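Quick notes on the structure that follows.
Only the coordinates and a few stated rules stand behind these numbers; no lab work does. Every value quoted in this text rests on a predicted model; they were computed, and no experiment measured them. Positions of Cβ are backbone-derived with ideal geometry, glycine not excepted, and every protein chain shown enters the neighbour counts.
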Amino acid sequence: MTKITPEMVREHGLSEPEYARILTLMGREPSFVELGIFSVMWSEHCSYKSTRFHLKKLPTKAPWVIQGPGENAGVIDIGDGDACIFEMESHNHPSFIEPYQGAATGVGGIMRDVFTMGARPIAMMNALRFGEPSHPKTRHLVSGVVSGIGGYGNCMGVPTVGGEVNFHKSYNGNILVNAMCVGLARQDKIFLSAAKGAGNPVVYIGSKTGRDGIHGATMASAEFDDASEEKRPTVQVGDPFTEKLLLEACLELMATDAIIAIQDMGAAGLTSSSAEMGDKGGSGIELDLDKVPQRETNMTAYEMMLSESQERMLAVLKPGREAQAEAIFKKWELDFAVIGITTDTSRLVVKHKGTTVADMPITALSDEAPVYERPYTERAPLTGEPAFDKKKNVLESLKTILASPDMASRRWVWEQYDHTVMADTVQVPGGDAAVVRIHGTQKALAITTDVSPRYCRPDPFEGGKQAVAEAWRNLTAVGATPLAVTDNLNYGNPQKPEIMWEIVAGIDGIGAACRALDFPVIGGNCSLYNETNGEGILPTPAIGGVGLMKDVSKMATVAFKRSGDVIILIGETKGHLGQSIYLREIEGREEGAAPKVDLGAEKKHGDFVRGLIEAGRVDTVHDLSDGGLLVAIAEMAMPRGIGANIGIAGLPDDIPFWFGEDQARYCLAAPFAEAEKIVEEARAAFITVAELGKTGGDRLTLDDKSSAGIASLKEGFESWFPNFMSGEEIPVTN
Amino acid sequence: MKSAVIFFPASNCDRDAKTALTQMTGKAPAMVWHQDSELPDVDLVVLPGGFSYGDYLRCGAMASQSVVMKSVRAHADKGGMVLGICNGFQVLTESHLLPGALMRNAALKFVCKPVGLEVDETQSAFTRHYSNGQRVTFPVAHGEGSYFADEETLDRLEGENRVAFRYAKGENPNGSARNIAGILSEKRNVLGLMPHPERVVDDVLGGTDGRALFQSLIENLS
């Protein structure tokens with residue numbers, strides 16, 4: 001047997017105390033295969049060892065939550081016996097090394113998480129962060145990631161209905177690719193991963209196992225340096241065709257009652273799927289690797305256990321149902337093999353070529369895995385209102401902002417995603433939230449992903465709150481009732497106390513907002529060690545939110561629809577310019593306090609607006625976020641080229657009013673008579689409300705004094721992305 | 001009108017086609033698996049969009065060799081109607097039920113967006129309910145939709161009034177020759193087109209311009 005040396009332990013990403021713990025748990029020196037298994041199962045990616053303690057503080061329950069965190073995906077009740085199953089996951093490190101395959105397999109992985117629970121995926125979203133546009137790698141990474149997401153999702157025939165794309169220098173050496181999948185199942189057909197009972201066959205389905213992706217989970221749990229690109233062989237290669245077959249075959253098998261438990265082979269492949277299934281079911285699992293379908297010759301047990309080959313699933317069947325299952329997988333031309341059996345020993349036993357290569361207690365890989373309460377150093381949030389040049393021309397600034405990297409239209413991106421396949425996409429990308437009808441009904445799901453990382457560095461707590469509040473607001477703005485979120489926590493190295501504080505405060509902020517807004521966390525993923533050469537990314541806790549609309553015909557969109565509508569602002573405008581898009585793009589500074597989020601006001605204003613939409617009284621709503629009020633109004637004017645004449649009397653400073661990023665605000669447009677009633681009702685409810693002017697014409701006119709043509713605003717808004725990608729423009733930003 | 005939708009392992013607009021046909025004809029189409037050798041007794045066969053066998057090779061090339069395509073060809077030979085949408089159009093050219101080929105988009109990117117089309121030929125069972133030159137909007141969603149054929153074939157298609165749909169001026173999303181978006185077979189019973197009429201039969205999904213295509217078929221076949 002291979003003698004384990006301190007070098008081997010180090011190369012497996014395990015610390016000395018961790019190895020000592022392994023020796024205690026095993027009561028002997030581990031075999032090389034066992035060391036590999038510990039290494040992936042105890043990696044940050046699989047074990048959540050730095051965050052688990054804090055994640056427990058998140059609210060995860062509500063009457064409509066069917067399954068909270070801990071399974072492959074969370075599940076909520078959406079009425080009529082239907083369940084919505086969703087999850088978001090990062091594929092950051094692989095996407096930086098090999099953008100197309102990294103992003104594609106990220107999409108594939110999250111889809112498997114959802115359909116392994118019995119759901120047909122009905123929509124995909126993504127949250128992408130790239131380095132500054134002027135960085136030499138950025139364009140290549142954007143191009144690769146976008147085509148990878150499209151390449152996989154389009155072939156699967158699941159619409160990619162929206163997401164976020166941001167640029168910031170902190171992501172220069174460490175991009176973020178977070179993919180979210182939303183699926184639909186019947187509540188009585190939800191599949192879990194607990195392999196209960198002994199003597200049941202463990203079956204392997206899907207693609208063959210190759211040497212790709214070995215130690216991907218360990219790579220995802222380490223910082224990057226300049227040699228990281230040498231890690232390319234650890235990136236998996238995606239095959240969406242096989243995944244499509246796997247999806248259809250699994251759903252066909254799930255229509256029978258042959259399955260006891262099923263789990264996709266994601267990070268750490270066969271190792272984590274078998275250990276997790278055994279752990280949740282309180283049973284043992286014995287695997288015979290000679291039975292595993294293999295793509296390459298002479299694969300070792302170590303390689304097979306750690307391979308992250310894509311498009312594979314592990315299932316436990318009821319005894320005697322193997323032939324029925326095999327027939328289904330044969331029809332879909334997929335590999336199917338019985339590779340093991342469940343036992344009552346609570347041990348993971350792995351055999352290869354007649355010898356036992358691993359024999360370990362499953363709890364050593366789950367409950368006994370290390371959990372760290374890592375030390376953290378609080379940093380006072382940045383405070384203060386930054387100075388600004390009061391003489392800057394408001395409309396010129398608006399033009400600049402609309403044509404800036406973070407604010408310009410993302411059409412170049414989403415036109416590469418099939419966003420209308422499945423014939424249920426009611427609201428396409430570009431609005432506040434995507435809306436996907438539930439097939440054959442009037443119900444619909446609204447979906448969004450949100451976070452403002454520029455708020456999260458100066459104030460991780462408020463930034464965490466804001467990410468949740470903005471997701472809630474975006475769902476509300478289309479008329480949906482927000483139901484639950486999945487969080488994708490992207491941070492730097494948790495072993496640095498200042499980063500650990502960002503994580504802790506971020507989770508606290510998310511928790512506070514989710515509690516106040518009745519918006520439980522039902523799943524999520526942590527991606528730590530997002531650093532390159534010691535530089536951490538902006539804290540980026542991406543929130544994926546889902547809401548329900550009972551009647552899709554009442555849906556609101558951002559576009560102005562008629563001339564003569566009154567434009568109404570809901571919520572208080574103090575003119576908060578700290579950390580705003582305005583300050584960064586116009587003044588060139590990232591300064592000041594992040595905006596505070598008043599969760600009571602969020603709830604009150606949101607409930608008021610949603611009530612108007614549900615009653616069919618308003619069809620034009622936009623949430624106010626990046627860029628503030630004037631940017632929102634421009635975004636409402638551009639889709640149909642309907643302008644507006646707006647102004648407000650007695651402003652002390654117009655710049656903070658038009659560009660401040662105060663929270664809990666919405667902009668509405670409604671015909672005069674309706675608008676008057678809305679304003680009256682808002683006042684009666686003690687909600688700050690203002691009438692800003694009227695829609696009409698083809699220009700945006702401010703205070704009857706200055707104006708800008710909608711067409712020219714739109715020209716800049718639409719052209720930045722294609723120009724950047726075609727290499728015609730590489731503006732220096734951030 | 002009785003219809004059938006063929007589905008290959010990675011077809012993914014089979015449901016879109018089924019939904020549109022059900023909505024328009026009041027009857028669900030028969031769903032036919034690619035390994036089935038016989039077609040049910042139907043008037044219209046639809047080859048839906050998607051990626052048939054993954055399409056890592058030329059799009060539709062493997063699907064054209066499938067068991068079911070023999071029956072589809074026989075159905076077309078005896079005058080039965082065949083509608084190929086997107087990947088279905090690719091399968092039809094690969095099967096030589098329609099001339100020409102569909103190449104990678106000129107911009108080398110997948111493109112999904114609504115595009116303006118002109119109905120170029122209304123004398124067909126597929127287009128009778130449109131008016132000549134009518135401007136309609138259908139979405140496209142493809143990576144390989146650039147229609148190509150030699151000049152002689154293109155001249156012939158135009159001479160025989162077999163170009164059913166063209167991309168409107170400035171709307172060609174893929175570099176198709178002569179802005180061709182959809183063509184008819186010689187006997188005018190097979191239509192292949194890249195844009196998706198079946199995604200625009202419902203107002204809530206952003207348009208109803210596709211309805212007239214199905215109405216034409218229904219009127220013709222019942």
Unit charges on C-beta of K, R, D, E only; dipole of the protein assembly as shown, Debye: 1120 debye
Candidate lysines - alpha carbon under 29 Å from B:LYS187, same-chain residues fewer than 8 apart omitted: B:LYS2, B:LYS18, B:LYS27, B:LYS70, B:LYS78, B:LYS169
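Antiparallel versus total DSSP beta bridges in the range B:3-221: what percent is that, nearest 5?
DSSP beta bridges in the range B:3-221 are roughly 60 percent antiparallel.
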Residues with amide H under 5 Å from that of B:ALA30, placed H, sequence gap 5 or more: B:SER3, B:ALA4, B:VAL5
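Average partner chain C-beta neighbours within 10 Å, per residue of B:47-55? Show your work: numbers first, answer last.
Numbers: counts 0, 1, 3, 6, 7, 1, 3, 7, 2.
Partner Cβ neighbours, averaged per residue: 3.
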Mean separation of Cα contacts under 8 Å, 6 or more apart, over the residue count of the range B:3-221: relative contact order %: 20 percent
Scaled radius of gyration (Cα, divided by 2.2 N^0.38 Å) that the range B:3-221 gives: 0.91
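By the gyration tensor of its Cα atoms, with a ≥ b ≥ c the square roots of the eigenvalues, what is the shape of the range A:351-473: rounded for a/c under 1.5, prolate for a/b over b/c, or oblate?
oblate
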Value at 222 nm in deg cm²/dmol, rounded to 500, when DSSP H runs of n ≥ 4 in the protein assembly as shown each add -39,500 (n - 2.57): -9500 deg cm²/dmol
For the range A:634-734: relative contact order, % (alpha-carbon pairs under 8 angstrom, 6 or more apart): 42 percent
Rounded to 5, the percent of DSSP beta bridges in the protein assembly as shown classed as antiparallel: 75 percent
Sorted largest first, extent of the range A:616-734 alpha carbons per principal axis (Å): 54, 31, 28
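Which whole number gives the average, over all residues in A:410-423, of C-beta atoms from other chains lying within 10 Å of the residue C-beta?
Averaged over the peptide's residues, the number is 6.
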Positive-end residue of A:MET88, A:LEU629, B:LEU92, charge dipole of the protein assembly as shown with Cβ unit charges: B:LEU92
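In what sequence do A:HIS576, A:HIS605 fall when counting other Cβ within 10 Å, fewest first?
Result, fewest neighbours first: A:HIS576, A:HIS605.
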Antiparallel DSSP beta bridges within the range A:272-421, percent to nearest 5: 70 percent
Ranked packing of B:20-27, A:464-471, most packed first, by mean Cβ within 10 Å: A:464-471, B:20-27
Too-long pairs where the Cα-Cα distance tops 28 Å, listed order kept, from A:LYS443/B:LYS113; A:LYS318/A:LYS443; A:LYS574/A:LYS705; A:LYS465/A:LYS604; A:LYS554/A:LYS603; A:LYS399/A:LYS694: A:LYS318/A:LYS443
Net dipole in debye of the range B:3-221 [+1 Lys, Arg Cβ; -1 Asp, Glu Cβ; about Cα centre; nearest 20]: 260 debye
Choice from B:VAL67, B:VAL32, B:VAL45 with maximal GNM fluctuation in chain B (Cα, 10 Å cutoff): B:VAL67
Residue (of B:THR19, B:VAL32, B:PRO48) at the positive-pole extreme of the range B:8-50, dipole from beta-carbon charges: B:THR19
Ascending count of other beta-carbon atoms within 10 Å, so fewest first, for A:VAL435, B:VAL163: B:VAL163, A:VAL435
Test item: Cα-centred dipole of the range A:491-536, Lys/Arg +1 and Asp/Glu -1 on Cβ, debye: 120 debye
Dmax and Rg, reported as Rg then Dmax, of the protein assembly as shown (C-alpha, Å): 28.3, 86
Candidate lysines for bridging to B:LYS109, where Cα separation is under 20 Å - those fewer than 8 sequence places away on the same chain excluded: A:LYS137
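Quick one: grab the alpha carbon gyration tensor of the range A:1-46, order the square roots of its eigenvalues as a ≥ b ≥ c, and give me rounded if a/c is under 1.5, else prolate or oblate depending on whether a/b is larger than b/c. Can you show the working numbers first?
Details: a/c = 1.42, a/b = 1.28, b/c = 1.12.
Judged from the Cα gyration tensor, the range A:1-46 comes out rounded (a/c under 1.5).
Need one value for B:8-18: mean number of C-beta atoms belonging to other chains within 10 Å of its residues' C-beta atoms.
Per residue, the number of nearby Cβ atoms from other chains is 5 on average.
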Whole-Å distance, taken between Cα centres, linking the range A:497-554 and the range A:429-490: 11 Å
Set of aspartates and glutamates near A:LYS57 by C-alpha distance (under 16 Å), chain-local residues within fewer than 8 positions excluded: A:GLU373, A:ASP487, A:GLU502, A:ASP508, A:ASP518
Lys/Arg +1, Asp/Glu -1 at C-beta; the range B:3-221 dipole; positive extreme among B:VAL5, B:ALA164, B:LEU108: B:LEU108
Relative contact order %, chain A, counting alpha carbon pairs below 8 Å whose residues are six or more apart: 15 percent
